[in-house]
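Novice: Here it is, the structure in full.
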C-alpha cells in the first residue's frame, strides 16, 4: 500500500505531470461543456440520477453512453447494447495500436489502466508532445497528468448535468463548446497538405456515410482518410523525385542496388565512353 | 421515466458493468497481448491519419448536418461560430480562446435570433 502511495506521489511530483495538466487545460472548457450536456441528455432518456452517475463513472465513454441509452430505454437486449457500444468504440482499438508503441514496456495491469483512461483528446495531445513513437520515462507521468485532468473535467460536469438536468435546457446549444474544442484540436493537427486533404476526405466520408448505423461512419471516414493520406504520400514521393543521371563507365559493371533503381525507372541510365 | 421502473436495477447494472469492460478492452486492445502483433508497414504509416480522421468524422456532422441531413440554409449559428473560431485559432494558436470566441458568436445568434 505504501509503495502505491509513494508511486503516486513521485508521479504527481514529476514535472511531466504538470505538462500533461497544462496541455489539457485549454480543451477542458469544451470537454466540460460537452460533459454537462451529456449528463443532461442521459437523464432525459429516462435514467434515474443515481444510475446515471453510476454509468458515467463506470463506462467513461461519452459517445458510447449516448448511443446505447436510447436502445436501453426501449428495452433492447443486452447483446445489442454491448455490440452498439463496441462499434462506437472501434476507433479506440485503432488508437490502442499506437499507444502500444509508447507503453509496451509497462506491466500489463498498468497498460490496461492507461487504456481505460485514454480518451480522444489525450491521444492527440500525447502524439503532439511525443511525435517519436518510442517509450520515454517522462511519458508515464505526462499521461497521468493529462488523464487525471481529463477525467475530472469530464466527470464533474457530467454529474452536475445529471443533477441539474431539469434546469439546464439542451436547446441552449452548450454542447457546441465541445465541438469547438475538438475543432481547435483538429486545426492544430493540420500542418501539411497531406493532413489537410486527409481531413477533407474524412469530413466528406463521415457526412456521406452518416446514415450507417452504430456510428460506423467514423470508421468509414478513418479508412478513407488513411487511404487518401497514403496515396498523397506516394504521389508526393513520385513528384519530388529529382531527375538524376547515373554515370557508369561503359565497360564497368552496374552495382545491383543501382541496377534495381534503374529498372524501377527512378534514375535514367546513360552510358558514355570517356577517354 | 418508464423503464427505470419496469427494469429491475440489476439489469442496467449488468449492462453498465459490461459497457465499462467494453471501454477497457477497446481502449487497450493492442496493449493487452505481451507480444506485439505484426502489422504491415504501410498500415503503420497510414494509421497516423486515423486520429485526425476520427476527430474530423465526429466534428463534420456536428457542424454541417441537422436531423441527419445536410444543412439547407446558411442561416445557421454553427457556421459563423465555427468560422470565427477557426480564424481566431489561426491567428493565435490558442484553443481556449477558440472555444470562447466561437461560443461568443454562436450563443447570441442561436438563442437570440434562433438561427
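The values are calculated or read from the model by the stated rules, or taken from the named source; none is laboratory data. Values in this document were obtained by computation on a predicted structure and should not be read as measured data. Don't worry about glycine lacking a Cβ; one is built from the backbone with ideal geometry, like all the others, and counts go over all protein chains shown.
Novice: For residue B:88, only one of the following conditions fails: (1) more than 18 Å from residue A:120 (Cβ to Cβ); (2) facing chain A (nearest Cβ under 7 Å); (3) in contact with a helix residue (DSSP H, G or I) (Cβ under 8 Å, 6 or more places away or on another chain). What is its number?
Specialist: Only one criterion in (1) more than 18 Å from residue A:120 (Cβ to Cβ); (2) facing chain A (nearest Cβ under 7 Å); (3) in contact with a helix residue (DSSP H, G or I) (Cβ under 8 Å, 6 or more places away or on another chain) is unmet by residue B:88, namely (2).
Novice: Right, here's the next one. Every residue in the stretch A:195-223 that is surrounded by fewer than 24 Cβ atoms within 10 Å (Cβ to Cβ), within 8 Å of chain B (Cβ to nearest Cβ) and touching a residue at least 40 places away in the same chain (Cβ under 8 Å), please.
Specialist: Those that are surrounded by fewer than 24 Cβ atoms within 10 Å (Cβ to Cβ), within 8 Å of chain B (Cβ to nearest Cβ) and touching a residue at least 40 places away in the same chain (Cβ under 8 Å): none in the stretch A:195-223.
Novice: Give the residue that is farthest from residue B:110 (Cα to Cα), with candidates limited to residues of the stretch A:163-175 that are part of a helix (DSSP H, G or I) and either more than 13 Å from chain B (Cβ to nearest Cβ) or without any contact (Cβ under 8 Å) to a residue 40 or more places away in the chain (or both).
Specialist: Filtering the stretch A:163-175 down to residues part of a helix (DSSP H, G or I) leaves A:163, A:170-172.
Narrowing the set further to residues that are either more than 13 Å from chain B (Cβ to nearest Cβ) or without any contact (Cβ under 8 Å) to a residue 40 or more places away in the chain (or both) leaves A:163, A:171-172.
Details: A:163: 25, A:171: 9, A:172: 8 Å.
Looking at residues that are part of a helix (DSSP H, G or I) and either more than 13 Å from chain B (Cβ to nearest Cβ) or without any contact (Cβ under 8 Å) to a residue 40 or more places away in the chain (or both), I get A:163.
Novice: Name the residues in the stretch A:75-89 that are farther than 21 Å from residue A:153 by Cβ and at the interface with chain B (Cβ under 7 Å from one of its Cβ atoms), would you?
Specialist: A:75, A:78, A:81, A:82, A:85, A:86
Novice: Here's a follow-up. Please indicate, with yes or no, whether at least one residue in the stretch A:164-186 is surrounded by 22 or more Cβ atoms within 10 Å (Cβ to Cβ) and farther than 17 Å from residue A:33 by Cα.
Specialist: Yes - at least one qualifying residue is present in the stretch A:164-186.
Novice: So residue A:18 clears everything in (1) within 10 Å of chain B (Cβ to nearest Cβ); (2) touching a residue at least 12 places away in the same chain (Cβ under 8 Å); (3) farther than 25 Å from residue A:173 by Cα except one condition, right? Which one?
Specialist: It fails just one condition, (1).
Novice: Moving to a separate point now. Among the numbered criteria (1) exposed (fewer than 12 other Cβ atoms within 10 Å of the Cβ); (2) within 9 Å of chain A (Cβ to nearest Cβ); (3) part of a helix (DSSP H, G or I), which one does residue B:46 miss?
Specialist: (1)
Novice: Could you tell me which numbered condition residue A:133 fails, if it satisfies all but one of (1) within 10 Å of chain B (Cβ to nearest Cβ); (2) surrounded by 18 or more Cβ atoms within 10 Å (Cβ to Cβ); (3) over 19 Å from residue A:27 (Cβ atoms); (4) touching a residue at least 12 places away in the same chain (Cβ under 8 Å)?
Specialist: (2)
Novice: Among the residues of the stretch A:112-123, are any under 27 Å from residue A:28 (Cα atoms), in a helix (DSSP H, G or I) and modelled with pLDDT under 85?
Specialist: The initial filter retains those residues of the stretch A:112-123 that are under 27 Å from residue A:28 (Cα atoms), namely A:112-123.
Checking which are in a helix (DSSP H, G or I) leaves us with A:112-117, A:120-123.
Pick out the ones that are also modelled with pLDDT under 85 and you get A:120.
Within the stretch A:112-123, one or more residues are under 27 Å from residue A:28 (Cα atoms), in a helix (DSSP H, G or I) and modelled with pLDDT under 85.
Novice: Being assigned to a loop (DSSP other than H, G, I, E, B) and surrounded by fewer than 21 Cβ atoms within 10 Å (Cβ to Cβ) narrows it down to one of B:74, B:96, so name that one.
Specialist: On the way: B:96 fails: assigned to a loop (DSSP other than H, G, I, E, B).
Answer to the selection: B:74.
Novice: I'd like to know if the stretch A:153-161 contains one or more residues that are surrounded by fewer than 17 Cβ atoms within 10 Å (Cβ to Cβ), facing another protein chain (nearest Cβ under 10 Å) and in a helix (DSSP H, G or I).
Specialist: Scanning the stretch A:153-161 turns up no residue that is surrounded by fewer than 17 Cβ atoms within 10 Å (Cβ to Cβ), facing another protein chain (nearest Cβ under 10 Å) and in a helix (DSSP H, G or I).
Novice: Within the stretch B:18-30, is there a residue that is more than 7 Å from chain A (Cβ to nearest Cβ) and without any contact (Cβ under 8 Å) to a residue 24 or more places away in the chain? Can you show your working first?
Specialist: As a first pass, look at the stretch B:18-30 and keep what is more than 7 Å from chain A (Cβ to nearest Cβ): B:21, B:25.
Next, only the ones that are without any contact (Cβ under 8 Å) to a residue 24 or more places away in the chain stay: B:21, B:25.
Yes.
Novice: So residue B:9 passes all but one of these: (1) closer than 26 Å to residue A:193 by Cα; (2) modelled with pLDDT under 85. Which condition number does it fail?
Specialist: (1)
Novice: Exactly one of (1) closer than 23 Å to residue B:66 by Cβ; (2) at pLDDT below 75 is unmet by residue A:243. Its number?
Specialist: Result: residue A:243 fails condition (1) only.
Novice: Considering A:29, A:47, A:71, which residue is in the same structural domain as residue A:146 (by TED's automatic domain parsing), in contact with a helix residue (DSSP H, G or I) (Cβ under 8 Å, 6 or more places away or on another chain) and outside any helix (DSSP H, G or I)? Steps first, answer last, please.
Specialist: Numbers: A:29 fails: outside any helix (DSSP H, G or I); A:71 fails: outside any helix (DSSP H, G or I).
After applying the criteria, what remains is A:47.
Novice: Checking residue A:191 against (1) within 16 Å of residue A:63 (Cβ to Cβ); (2) more than 8 Å from every other protein chain (Cβ to nearest Cβ); (3) part of a loop (DSSP other than H, G, I, E, B), which single condition isn't satisfied?
Specialist: With respect to (1) within 16 Å of residue A:63 (Cβ to Cβ); (2) more than 8 Å from every other protein chain (Cβ to nearest Cβ); (3) part of a loop (DSSP other than H, G, I, E, B), residue A:191 is out only on (1).
Novice: Right, here's the next one. Out of curiosity, is residue A:55 at the interface with another protein chain (Cβ under 10 Å from one of its Cβ atoms), free of Cβ contacts under 8 Å to residues at least 12 places away in the same chain, over 22 Å from the mean Cα position of the chain (by Cα) and part of a helix (DSSP H, G or I)? Don't jump to the end; show me each part of the working.
Specialist: Numbers: at the interface with another protein chain (Cβ under 10 Å from one of its Cβ atoms): yes; free of Cβ contacts under 8 Å to residues at least 12 places away in the same chain: no; over 22 Å from the mean Cα position of the chain (by Cα): yes; part of a helix (DSSP H, G or I): yes.
Judged against the criteria, residue A:55 is not a match.
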